[in-house]
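No lab work stands behind these numbers, since they all come straight from the coordinates. These numbers were taken from a predicted model, which means no experiment stands behind them. When we count neighbours, we look across all protein chains shown, and the Cβ atoms used for this are built from the backbone with ideal geometry, even at glycine.
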Amino acid sequence: MSGIWCESALLNVDGGSVGGGAAVATGVRLEVHEGRISGISTGVQPEAADRILNGVVFPAAANAHSHAFHRILRGRTHDGRGDFWVWREQMYRSAAELTPEKYEKLATAVFTEMVVSGFSSVAEFHYVHHQPEGTPYPEPHAMELALARAAVAAGIRLTLLDTLYLAGGIGTPLSPEQARFGDADAQAWLDRLASLRAEVARTFPPDRVSVGAALHSVRGVPEEALKTVAQQLRADIPLHIHLSEQPAENEACLQAYGVTPAGLLARHGLLSGRLSAVHATHLTPDDIQLLGDAGSTVVMCPSTEADLADGIGPARALSDAGSTIALGTDQHAVIDPWVEMRTLEHGERLGSGQRGRFSPQELLRAATVGAAASMGTPVASALEVGAICDLMAVAPDSVRTAGSMPQQFAFSATASDVTAVVIAGELVASNGAHVRLGSPGSLLTEALKEFS
């Protein structure tokens with residue numbers, strides 16, 4: 001049994017997850033056993049052996065959508081005009097440079113940046129499976145295991161979403177640039193997924209690394225393959241998909257199948273509580289109702305959607321319809337849970353002309369337990385007995401947060417204000433540095449030197 005003493009912490013007086021009824025208590029002592037909170041006291045002084053966390057302590061954030069290698073592109077894609085499709089060609093060039101060794105080094109740096117920013121878990125949407133010409137690596141699952149080792153090194157909980165990617169577009173084969181993403185067919189992917197799940201289960205603790213599944217998109221997965229997945233993928237495996245990120249995807253799907261992408265998933269029984277639909281930017285009212293009725297999670301990535309000029313997704317309408325909103329950093333234009341929270345709300349304000357579309361408490365939920373169904377590893381909930389002890393401490397007196405109510409830090413704090421991150425009861429980051437790996441900036445600088 002160990003102890004963590006928090007100068008102050010956001011506790012939930014109604015016993016629910018992060019959100020309604022939250023109040024800031026001072027002198028909060030957390031007893032920790034096997035990585036979980038086993039006791040909570042308030043208004044107390046620290047004991048001699050306690051870990052001290054200054055500032056305001058929150059549950060750590062969960063990153064529900066990541067492409068680690070996209071971090072290569074930060075600050076390199078902004079000359080001239082263009083759209084998502086122009087950006088995608090630059091992304092393919094970066095993907096072509098990856099090797100298992102380079103990717104492990106890069107991902108370690110990216111995951112370290114996430115940890116020091118306040119994230120304790122990430123869902124990595126992974127499709128760079130093979131060698132550039134499309135042949136498997138001599139070591140089975142070489143790229144996937146490189147990502148798992150990177151997560152372990154950084155201390156972040158990883159849900160590795162092995163992705164099915166069979167087509168370059170509806171009715172279009174994979175291009176040479178996409179060859180390393182593909183498998184022979186859906187059954188070959190299912191077989192490889194089963195093998196990967198077994199290997200990861202043998203090698204890594206299940207609360208630290210797990211394997212989920214993803215369908216790249218209805219552009220990347222033909223209807224016959226969707227049928228196979230719907231029939232054969234185990235129901236307890238998290239399933240993600242990029243959904244309606246671009247109007248062109250919707251138009252192609254309507255032309256080929258007579259329904260929207262959400263309608264196509266519904267046709268094959270793929271809309272459910274275990275599905276996480278990423279982006280969901282361009283939806284019809286019927287799409288919104290389908291996702292809400294199914295209880296699906298919708299993963300919004302506001303900084304990426306702004307960076308790529310994707311558009312503003314109907315987050316409020318989806319939440320009202322019954323979907324759970326989660327947040328991700330996708331292509332890592334920014335890695336900052338606080339920025340993602342308020343950018344979600346700012347998009348709603350810009351689109352509606354109204355303030356307060358999401359309350360600060362709703363934004364905190366989206367950044368934490370909103371991702372629970374998206375992950376195969378645990379996600380921090382409230383600071384309550386039984387919860388995993390994944391925490392982030394935030395300075396209340398920075399130039400950004402001074403004067404802010406802690407319950408409203410979603411509108412003032414940034415990752416620069418995160419002073420400590422605890423995962424499974426252990427201090428992993430302090431004052432912008434990883435306790436074992438040091439500065440994420442230095443790690444990223446060294447890793448990025450290997451990419452053009």
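Some points to look at:
- Using alpha carbons only: equivalent-ellipsoid semi-axes of segment 61-374, gyration tensor based, whole Å: 27, 23, 20
- Each of 232, 170, 258 was scored by the projection of its Cα onto the charge dipole of segment 61-374, and the greatest displacement toward the positive side belongs to 232; charges sit on the C-beta of Lys, Arg, Asp and Glu.
- For segment 61-374, a crude dipole built from +1 on the beta carbon of Lys and Arg and -1 on the beta carbon of Asp and Glu, taken about the Cα centre, is about 580 debye to the nearest 20.
- At least 24 Å along the helix axis (C-alpha) and Kyte average at least -0.5, DSSP helices within the chain: 100-117, 186-203
- By the beta-carbon count within 10 Å of each Cβ, the least crowded to most crowded order of 189, 85, 338, 5, fewest first, is 85, 5, 189, 338.
- Sorting 52, 241, 388 by the number of Cβ atoms found within 10 Å of their own Cβ, with the fewest placed first, yields 52, 388, 241.
- Sorted fewest first by neighbouring Cβ atoms within 10 angstrom, 257, 92 come out as 92, 257.
- For the chain, the relative contact order works out to 22 percent when only alpha carbon pairs closer than 8 Å and six or more residues apart are counted.
- Value in Å of the Kirkwood radius, where segment 193-289 supplies the Cα pairs that are averaged: 14.4
- Computed per residue of the chain from DSSP H runs no shorter than four, each worth -39500 (n - 2.57), the mean residue ellipticity at 222 nm is -10000 deg cm²/dmol.
- For q = 0.20, 0.21 Å⁻¹, Debye-computed log10 I/I(0) when each Cα of segment 139-237 counts as one equal scatterer: -1.01, -1.07
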